[in-house]
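Here the structure is laid out as structure tokens; the discussion comes afterwards.
The values are calculated or read from the model by the stated rules, or taken from the named source; none is laboratory data. Because the structure is predicted, anything quoted here is derived from the model rather than measured. Every residue, glycine as well, gets a Cβ built from its backbone with ideal geometry; the counts of neighbours run over all protein chains shown.
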């Protein structure tokens with residue numbers, strides 16, 4: 001299935017129901033996909049796979065789009081942080097605290113792209 005954004009793909013992955021996945025894929029904006037994902041009954045293994053799912057979605061985004069790949073690689077060795085003002089301390093950093101999972105995924109994918117000339 002093709003999704004219009006990483007947010008759409010990530011939210012759709014919360015369920016194994018193909019009908020729900022298609023519904024999320026058809027939503028016009030990532031924000032709407034995020035809202036829809038919050039209302040889904042989660043697949044049984046979601047907590048154990050959610051970070052792997054996000055990494056796969058981010059990797060796909062930057063391997064498919066040469067311009068985005070170049071922009072990510074242009075960050076060099078910079079520390080990438082998902083700073084936010086909505087209180088997300090798992091995917092990002094809020095008021096100086098957080099796991100910065102998205103930033104860490106971006107840096108990991110950047111390292112893969114840098115060392116794997118096939119991507």
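Descriptive notes on the structure:
- For the range 58-103, a tally of residues being assigned to a helix (DSSP H, G or I) and either free of Cβ contacts under 8 Å to residues at least 24 places away in the same chain or under 22 Å from residue 8 (Cβ atoms) (or both) returns 17.
- Any hit, the range 76-85, residues being at positive phi, surrounded by fewer than 11 Cβ atoms within 10 Å (Cβ to Cβ) and either at pLDDT 95 or above or not assigned by TED's automatic domain parsing to the domain that holds residue 7 (or both): yes
- Residue that is farthest from the chain's Cα centre (by Cα) [pool: residues in the range 1-46 that are under 19 Å from residue 105 (Cα atoms) and assigned to a loop (DSSP other than H, G, I, E, B)]: 14
- When residue 49 is tested against (1) in contact with a helix residue (DSSP H, G or I) (Cβ under 7 Å, 6 or more places away or on another chain); (2) assigned to a helix (DSSP H, G or I), just one condition goes unmet, and that condition is (1).
- Residue count for the range 98-119 satisfying the condition of being more than 12 Å from residue 63 (Cα to Cα) and either outside the structural domain of residue 57 (by TED's automatic domain parsing) or exposed (fewer than 10 other Cβ atoms within 10 Å of the Cβ) (or both): 1.
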